[in-house]
Amino acid sequence: MPIQSLNKRESALKKSEAQLKILSNGIFQNGELPTFKAKISETQQYPLKAKKLEILQINLGYMCNQVCAHCHVDAGPDRKEIMTRDTMQQCLDVIKKTGAHTLDLTGGAPEMNPNFRWFVEEAAKAGIQDFIVRSNLTIIRANKKYHDLPEFFKKHHVHVVSSMPHWTRGKTDKQRGDGVFDKSIQALKDLNAIGYGMPGSDLKLDLVYNPSGAFLPGDQASMEKDFKKALKEDFNIDFHHLFAITNLPISRFLDYLIASENYEDYMYALVEAYNPTAVKSVMCTNTISVSWDGFLYDCDFNQMLELPVNSPVKHISDYNENLLEGRNITISQHCYGCTAGAGSSCQGVVT
Ligand code: SF4
Ligand code: SF4
């Protein structure tokens, strides 16, 4: 049966309060496991503080052509939250003056926002060092109107970052839906054909791996080797880097953990793999995440949990980088997902 968003299913977990309640109660309330706050306090890392901004991540909307099993956004075709052109203009005003070196557009499928191309054209003019678009690949093959996206990305020198949970059809389709693997392979070939991901090319194409079940990702460097070998041998596909990302226990992945009775074991695994040296580099320390309606969050995960920034500046229209720097970051038990093993961020391991 096709996967449906929590929103569409009218699941109790579609509400962020319900998710936060689960993360605060049970094994964390009865003392079986330490809270994230208690854990980072052991090494005097509480409160976690934001440093200088390096990455501005903007979520253009929760609509997506896919409904992946573990999506932390609860994205899908039924989601109607889309950034308006007015809010995009407010973002552009900030992009022109930000000290951040990286601009990262995400969703949902950001390309489904009707103003996506206008926004990319305008944002590219700011000349930010690294301009990322998180593309799910299948969107490129979903409809004729998207077939020229690789050329569009090339024209604006966009860095493409795409999810690819495995190099086999079975594992990919299980997590992301029937037919996703074949469309993703075709899209990767389209990107390679114009230079994306090719050795020595400055048209950057990176892939993102996240585990298909209740387990932590393996070593990023050896997985990258395996992915490169398999995609090259089987499909003659090239890409630059693989980012291994831990699934955070929120949204559809939290729903999956509970339904499969893996929630407690997974939280034990995250706490056991806690790495105190990863704390100083978690992505909230150098990132601001902007939601489709312009509100500011410490990261995309806090955005989905509706945990706003702890700062007098709450919205992109009042943006002030100096006031955001040094803020205390809002944490909960989902943060263990960022500090397990080598750590995890939107750009892979952090240590
Ligand atoms: S492609 Fe990305 S945003 Fe869309 S459902 Fe899958 S994980 Fe979520
Ligand atoms: S979930 Fe967000 S706030 Fe928590 S550690 Fe990770 S990046 Fe920071």
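The values are calculated or read from the model by the stated rules, or taken from the named source; none is laboratory data. Predicted model only: the values in this text are computed from it and were never measured. Backbone-built Cβ (ideal geometry, glycine too); neighbour counts: all protein chains shown. Each accessible area value is taken on the protein alone, full model and side chains, heavy atoms only, with ligands, DNA and RNA left out. Shrake-Rupley method; radii C 1.70, N 1.55, O 1.52, S 1.80 Å.
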(request) Taking amide H positions as placed in the peptide plane 1.01 Å from N, state which residues far from residue 237 in sequence (5 or more) or on other chains have amide H under 5 Å from it. (result) 232
(request) Per DSSP H run of n ≥ 4, the term is -39500 (n - 2.57); total these for the chain, divide by its residue number, and report the mean residue ellipticity at 222 nm rounded to 500 deg cm²/dmol. (result) -9500 deg cm²/dmol
(message) Suppose the chain between residue 41 and residue 186 were pulled fully straight at 0.36 nm per residue; how much longer would it get relative to their current alpha carbon spacing?
(response) 47.4 nm
(request) Over the chain, with every protein chain in place, what whole percent of the accessible area is carbon and sulfur at 1.4 Å, could you tell me? (result) 51 percent
(request) Once you've got the GNM for the chain with C-alpha springs shorter than 10 Å, pick whichever of 107, 195, 76 has the biggest mean-square fluctuation. (result) 195
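Rounded to the nearest 5, what % of the DSSP beta bridges within the chain are antiparallel ones? Please report the intermediate quantities before stating the final value.
Values: 9 of 33 bridges.
The antiparallel proportion sits near 25 percent.
Around residue 80, with a cut-off of 13 angstrom between Cβ atoms, what is the net charge of the other residues, counting Lys and Arg +1 and Asp and Glu -1? Write out the running numbers ahead of the final one.
On the way: positive: 8, 79; negative: 74, 78, 81, 293.
Spelling it out: positives minus negatives among the neighbours equals -2.
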(message) Can you give the local net charge around residue 24? Use residues other than it whose beta-carbon is closer than 12 angstrom to its beta-carbon, Lys and Arg +1, Asp and Glu -1.
(response) +1
(message) Can you sort 86, 182, 104 by solvent-accessible area, 1.4 Å probe, largest first?
(response) 86, 182, 104
(message) Treating only the Cβ of Lys, Arg, Asp and Glu as charged (+1, +1, -1, -1), what charge dipole size does the range 27-86 show about its Cα centre? Round to the nearest 20 debye.
(response) 280 debye
(request) Please calculate the 1.4 Å probe accessible area of residue 171, with all protein chains present, and give it to the nearest 10 Å². (result) 110 Å²
(request) Give the Debye-formula value of log10 I(q)/I(0) at each listed q (0.06, 0.08, 0.14, 0.15 Å⁻¹), with one equal scatterer per alpha carbon of the chain, two decimals each. (result) -0.20, -0.36, -1.21, -1.41
(message) Net charge within 13 Å of residue 304 by Cβ-Cβ distance, Lys/Arg positive one each and Asp/Glu negative one each, not counting residue 304 itself?
(response) -3
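What whole-number value in Å² describes the accessible area per residue of the chain for a 1.4 Å probe? Spell out each step's value before the answer.
Numbers: 14710 Å² over 351 residues.
For the chain, the per-residue accessible area is 42 Å².
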